Amino acid sequence: MPKIFIVDDEPNIVTDRLTALVNEILEYSELQMSDSETVMNDVNLSETVSSVADSFEKLYSKDGYIFERIIADDIHIKGNVSRLQRAIYNLLDNAVRHAGEDKLVGITLKTDNEKAIIEISDHGSGIAPDELEHIWDRYYTKRQRNGKGVSVWDLLL
């Protein structure tokens, strides 16, 4: 898949976000192509979650965000590392945007009955109960919530 990189003399959060957005659009387009096959490999999920969390911590800790991590070591799964990184990125991005006044974001990776479980949490206002049934609907955004919906996970994972 082609990637677009924007080069700047100084690290720039806006540039990083624009680059990520363009890459996300390219990946989403690729996901919708019916002839595209997902390549599944052994993925060290512990390293993947830690790596994405490191990126967020570098970007947002200077703004007062606190990233509490409980990441179990050496959890491996069969998956597509690029899609997993994107999913974790999107979950963390959502948590940062809706973190609440304490700016606390929790990141947990654990196993339960031989299944890997990723939990991303924040202390924001949450999703209204009447909207919960729609979070898996394709293209559901509820403009009032300023979200892009979670339905992309059906395609990603």
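The values are calculated or read from the model by the stated rules, or taken from the named source; none is laboratory data. Only a predicted model underlies this, so the values are computations on that prediction, with no experimental measurement involved. Methodologically, a virtual Cβ is constructed for each residue, glycine included, from the backbone with ideal geometry; neighbour enumeration extends over all protein chains shown. Keep in mind that these areas ignore ligands, DNA and RNA; they rest on the heavy atoms of the full protein, side chains included. Shrake-Rupley method; radii C 1.70, N 1.55, O 1.52, S 1.80 Å.
Assorted remarks:
- Cα-projected label distance for Glu68 with Trp136, points at 7 Å along beta-carbon direction, nm: 2.9
- FRET efficiency, Lys115 to Ser51 (Cβ-Cβ, R0 30 Å, nearest 0.05): 0.90
- Considering only the stretch 47-131, percent of DSSP beta bridges that pair antiparallel, nearest 5: 55
- Cβ-derived FRET efficiency at R0 25 Å, Glu101 paired with Ile25, nearest 0.05: 0.20
- Subtracting the Cα-Cα distance of Ser125 and Lys78 from 0.36 nm times their residue separation leaves 13.5 nm of extension gain.
- For the stretch 77-138, the solvent-accessible area with a 1.4 angstrom probe is 61 square angstrom per residue.
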